[in-house]
Amino acid sequence: LTQPVTPDLLVSPSSQDGDLGSECPEDRGNWTGRLDFLLSCIGYCVGLGNVWRFPYRAYTNGGGAFLVPYFIMLAICGIPIFFMELSLGQFSSLGPLAVWKISPLFKGVGMGTILIVSLVAIYYNMIIAYVLFYLFASLTSDLPWQHCGNWWNTELCLDHHVIKAGNNTLPVNISNTVSPSEEYWSRYVLHIQGSSGIGDPGRIRWNLCLCLLLSWTIVYLCILKGVKSSGKVVYFTATFPYLILVMLLIRGVTLEGAWKGIQFYLTPQFDHLLSSKVWIEAALQIFYSLGVGFGGLLTFASYNTFHQNIYRDTFIVTLGNAITSILAGFAIFSVLGYMSQELGVPVNQVAKAGPGLAFVVYPQAMTMLPLSPFWSFLFFFMLLTLGLDSQFAFMETIVTAVTDEFPYYLRPKKASFSAVICIALFLMGLILTTEGGMYWLVLLDDYSAGFGLMVVVITTCLVVTRVYGMKRFCRDIHMMLGFKPGPYFRACWMVLSPATMMALLVYNIVKYQPSEYGNYRFPTWAEVLGILMGVLSCLMIPMGMVVAVLQEEGTLWEVGVQQASRPAMDWGPSLEENRTGVYVASLAGSQSPKPLMVHMRKYGGITSYENTAIEVDREMEEEDEEESM
């Protein structure tokens, strides 16, 4: 028998001898277990925001009534965009940069995503460093923020234990006093009194610096082998927080005065629903809580097998995330209710959001409980595990995006490249460990993932539905899952989701407020720097367009823009056995004679990528005409 000859059409230009082994990039790899992907998504979405943002947002926006706009916004823009990101990643098996083979003209969207994720990763790991600091501080018989009288305390410090021991029958005015936990946070951990503002960072706090180094080391060791290692770590980091949350919840609801806090958290105030602010707040909570637009979902899905049921996974993760947020609210507000009763003040005077809740209010509440170091350690260990798997996703997004762009050079050295990224981000984060580091953290938190992220998500939605085409996208999903998305998803992708995102963007711009931390107002130059952070991620889109058009030959509009907006010829499933229909044998270096024959019969022996693209477009147009008749 004669050996089959590979037709010239199927041999890439760089390997005319037909030996393609040395030219193929190293395999990307896949998740090694069935639950790796699902738990990674849950760990990524269920983060610090579920504990310290959702409960506060709920009680300030109508209590239990807030759940109405919350779940409506989840249905309109949460679930559909979540499913869209997973579909793009799984279909192409590409990261947030290379996935823009779907329309190379908009590759700048991917560049904007990477910029946003990098900025967020810098300050997010600093928050994990704070958590580590408190975790180590809890390994003692007497919590250091329990009493006044330490070198960092001032005359304003008021110890609730002293008030209780004095058996005061009259209510104590605490408005002009400071709790020991607040002074521990600001004067000892941050040592913020050593800085006059954002322009005066002061000295590096070496204990914080070492905690930041430790947090980056933990992250690196967990992503060392990509999803093969992080996919195993999430079995612990994604599930253990639930165990601790249930323990804190049971302990919280058994405390005296707990019902007072829960009532405050969930009492519905339906008049709030008439306010547009409440609906915007609900959409913002969904937007940031699910982590859409950061590239993490797309990256995780790109390591799936081609026929993974991401439709089912979408509902499991999104609804699980919402339920976790509500549970966290019970755990937090039951303790705040007990705390308000102990201090003899209303719940709204002790309720805070963000770092104020995690590092001041809740630690103070822990000191009022028996076995306070134990409960404190559990709480901060929960925050550590919640934060770490979100950070894994940010790092995996950056590393995957760049290695997919340069697979021949970087994939074999992925561990070394990950180390370089971690070291670079650690060095950039050193300013956050200074005495004025909190000012920089607030600036990054307010601007790095603000309107820039919304522009990225809106553009992605519009490109997939308008430029690439809803019909094509639904056909791709049909190839993967065996069914096309229903009217609900199509309506959301075409109209509802982008319209909601646009409303969010306009609201953010119209209601813009300068950053502040406590009583400190940021100077104008810091505001401008923050706005530039957001604008730069948006500018990546037109910059990417210019580069894409310049790479095309011919006139600007007729060839340049049209050709650059058309999917690249190697766009589609990464494995040849999954490339059916219009994707058959369109991979450079394809060696399967059978798909070739199908391709030849279908397209009449076309031998160039350009002609194939024209034929594919013509076929799509014919299908559209047939369906409209």
For this session: Scan TRP571, TRP493 and give me the residue that is outside the structural domain of GLY197 (by the TED database), within 27 Å of the chain's Cα centre (by Cα) and not polar (S, T, N, Q).
Result: TRP571
Problem set entry | Filtered residues of segment 47-61 (kept if crowded, with 22+ Cβ neighbours inside 10 Å, more than 11 Å from ALA282 (Cα to Cα) and over 15 Å from the mean Cα position of the chain (by Cα)) | VAL51, TRP52, PRO55, TYR59
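For (1) at pLDDT below 75; (2) more than 21 Å from VAL464 (Cα to Cα); (3) open to solvent by 60 Å² or more (accessible area, probe 1.4 Å); (4) not in a helix (DSSP H, G or I), each residue gets a yes or a no:
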position: VAL528; (1), (2), (3), (4): no, yes, yes, no
position: PRO567; (1), (2), (3), (4): no, no, no, yes
position: ALA588; (1), (2), (3), (4): yes, yes, yes, yes
position: LYS602; (1), (2), (3), (4): yes, yes, yes, no
position: ILE606; (1), (2), (3), (4): yes, yes, no, yes
position: GLU610; (1), (2), (3), (4): yes, yes, yes, no
For this session: Can you confirm whether segment 11-24 contains a residue that is modelled with pLDDT of 95 or more, over 30 Å from ALA351 (Cβ atoms) and of a type outside the set (A, V, I, L, M, F, W, C)?
Result: no
Problem set entry | Sole exception among (1) closer than 29 Å to LEU86 by Cβ; (2) out of contact with any helix residue (DSSP H, G or I) (no Cβ under 6 Å at 6 or more places or on another chain) for LEU383, by number | (2)
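Could you please give the count of residues in segment 128-147 that are under 16 Å from the mean Cα position of the chain (by Cα) and either surrounded by fewer than 21 Cβ atoms within 10 Å (Cβ to Cβ) or acidic (Asp, Glu) (or both)?
Result for segment 128-147: 0.
Among the residues of segment 284-300, are any polar (S, T, N, Q), within 19 Å of MET382 (Cα to Cα) and either in the same structural domain as TYR56 (by the TED database) or touching a residue at least 24 places away in the same chain (Cβ under 8 Å) (or both)?
Yes, segment 284-300 contains at least one residue that is polar (S, T, N, Q), within 19 Å of MET382 (Cα to Cα) and either in the same structural domain as TYR56 (by the TED database) or touching a residue at least 24 places away in the same chain (Cβ under 8 Å) (or both).
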Exercise. Taking PHE451, is it surrounded by fewer than 21 Cβ atoms within 10 Å (Cβ to Cβ) and either acidic (Asp, Glu) or over 19 Å from the mean Cα position of the chain (by Cα) (or both)?
Worked result: no
For this session: Examine segment 160-168 for a residue that is open to solvent by less than 50 Å² (accessible area, probe 1.4 Å), modelled with pLDDT of 90 or more and not small (Gly, Ala, Ser), and state whether such a residue exists.
Result: no
Seminar exercise, completed: Within segment 367-415, restricting to residues that are of a type in the set (Val, Ile, Thr) and more than 28 Å from PRO355 (Cα to Cα), the one that is most open to solvent (accessible area, probe 1.4 Å) is VAL402
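Sort through GLY356, GLY329, GLY387 and tell me the only one that's free of Cβ contacts under 8 Å to residues at least 60 places away in the same chain and in a helix (DSSP H, G or I). Spell out the reasoning first.
On the way: GLY329 fails: free of Cβ contacts under 8 Å to residues at least 60 places away in the same chain; GLY387 fails: free of Cβ contacts under 8 Å to residues at least 60 places away in the same chain.
Sole residue among the options that is free of Cβ contacts under 8 Å to residues at least 60 places away in the same chain and in a helix (DSSP H, G or I): GLY356.
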Exercise. Can you tell me which residue in segment 313-366 is modelled with the highest pLDDT, limited to those that are open to solvent by 10 Å² or more (accessible area, probe 1.4 Å) and of a type in the set (D, E, K, R)?
Worked result: GLU342
Exercise. Any residue at all in segment 499-508 that is in contact with a helix residue (DSSP H, G or I) (Cβ under 9 Å, 6 or more places away or on another chain), surrounded by fewer than 20 Cβ atoms within 10 Å (Cβ to Cβ) and farther than 13 Å from ALA283 by Cβ?
Worked result: no
Exercise. Can you spot a residue in segment 435-453 that is modelled with pLDDT of 95 or more and among the β-branched types (Val, Ile, Thr)?
Worked result: no
Exercise. For the subset of segment 103-127 comprising residues that are among the small types (Gly, Ala, Ser) and more than 13 Å from the chain's Cα centre (by Cα), which member is surrounded by the fewest Cβ atoms within 10 Å (Cβ to Cβ)?
Worked result: SER103
For this session: Identify, by number, the condition in (1) over 21 Å from ILE310 (Cα atoms); (2) modelled with pLDDT of 95 or more that PHE66 doesn't meet.
Result: (2)
Exercise. Any idea which of ASP445, ASP476 is of a type in the set (D, E, K, R), open to solvent by less than 10 Å² (accessible area, probe 1.4 Å) and assigned to a helix (DSSP H, G or I)?
Worked result: ASP476
Exercise. Is there a residue being within 26 Å of ASN125 (Cα to Cα) and open to solvent by 10 Å² or more (accessible area, probe 1.4 Å) anywhere in segment 88-102?
Worked result: yes
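To keep it simple, each residue is scored yes or no on (1) within 30 Å of PRO55 (Cβ to Cβ); (2) in a helix (DSSP H, G or I); (3) touching a strand residue (DSSP E or B) at 6+ places or on another chain (Cβ under 6 Å); (4) open to solvent by less than 60 Å² (accessible area, probe 1.4 Å).
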site: LEU213; (1), (2), (3), (4): no, yes, no, no
site: ILE218; (1), (2), (3), (4): yes, yes, no, yes
site: SER230; (1), (2), (3), (4): yes, yes, no, yes
site: VAL246; (1), (2), (3), (4): yes, yes, no, no
site: LEU255; (1), (2), (3), (4): yes, no, no, yes
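The values are calculated or read from the model by the stated rules, or taken from the named source; none is laboratory data. Since the model is a prediction, treat every value here as computed from it, not as a measurement. All Cβ positions, even for glycine, are placed from backbone atoms using ideal geometry, and neighbour counts span all protein chains on display. For accessibility, only protein heavy atoms count, side chains too; no ligands or nucleic acids. Shrake-Rupley method; radii C 1.70, N 1.55, O 1.52, S 1.80 Å.
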